[in-house]
Amino acid sequence: MAAARSLILPASDYYLAALRAGTDPFQELARVADEMDFATCAVVELEVCRGLREPHVQRLFRARLACMVQQRFDAGTVEQSLCLTRAAGPGAPILPLPTVLVAACALQLGATLLTRDPRFNSIVGLQVLAALD
């Protein structure tokens, strides 16, 4: 029996850090594609693609994201997001909406979030991975 494959949702900071470093983030993902599957959501796509100035680069990036498991926003995403904001408690800092939405998508998929953004570490039930290695 084959072992279950991990589902990973790389957050926008993963892609942006690779692009700033002049590397192709999809090459690193391809390196571990035999062991992991990858997911994305509209917030990640929008956060990354809005900074890509060259239309052909944006099209290529979007085409690669389109090959991943897609978490669509629906009533469940809204409810999950509201639950996350309520679970933080009255004294907790308010997380930015994109952070809450990406976390909600990862939780709905049962995916681990690939990110170095420490804000995600405070979200109850969210599995966070800082790097692929």
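Select from the stretch 79-110 the residues that are in a loop (DSSP other than H, G, I, E, B) and of a type in the set (A, V, I, L, M, F, W, C) and write down the one among them that is modelled with the highest pLDDT.
Here the residue is Leu95.
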- [ ] Tally the residues that are over 13 Å from Met68 (Cα atoms), surrounded by 17 or more Cβ atoms within 10 Å (Cβ to Cβ) and either of a type in the set (Gly, Ala, Ser) or free of Cβ contacts under 8 Å to residues at least 12 places away in the same chain (or both), restricting the search to the stretch 12-41.
- [x] 2
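Any residue at all in the stretch 8-21 that is assigned to a loop (DSSP other than H, G, I, E, B) and under 10 Å from the mean Cα position of the chain (by Cα)?
Pass one, the stretch 8-21, residues assigned to a loop (DSSP other than H, G, I, E, B): 11, 21.
Now restrict to residues that are under 10 Å from the mean Cα position of the chain (by Cα): 11.
Looking for residues that are assigned to a loop (DSSP other than H, G, I, E, B) and under 10 Å from the mean Cα position of the chain (by Cα), one finds at least one in the stretch 8-21, hence yes.
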Task: Residue count, the stretch 94-133 (criterion: among the small types (Gly, Ala, Ser) and closer than 12 Å to Val44 by Cβ) - done: 3
Task: Qualifying residue in the stretch 78-90 (condition: loosely packed, with under 15 Cβ neighbours inside 10 Å and over 19 Å from Arg119 (Cβ atoms)) - done: yes
TODO: Could you tell me whether any residue of the stretch 50-70 is charged (D, E, K, R), touching a Cys at 6+ places or on another chain (Cβ under 8 Å) and either part of a helix (DSSP H, G or I) or closer than 21 Å to Ala39 by Cβ (or both)?
DONE: yes
Open item on the list: Could you tell me how many of the residues in the stretch 74-133 are out of contact with any Ser or Thr (no Cβ under 8 Å at 6 or more places or on another chain), charged (D, E, K, R) and touching a residue at least 40 places away in the same chain (Cβ under 8 Å)?
Closed with: 1
Task: Filter result for Arg116 (among the basic types (Lys, Arg) and modelled with pLDDT of 90 or more) - done: yes
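The values are calculated or read from the model by the stated rules, or taken from the named source; none is laboratory data. Remember, it's a predicted structure, so these values are computed and weren't measured experimentally. So basically every Cβ, Gly included, is an ideal-geometry build from the backbone, and we count neighbours across all protein chains shown.
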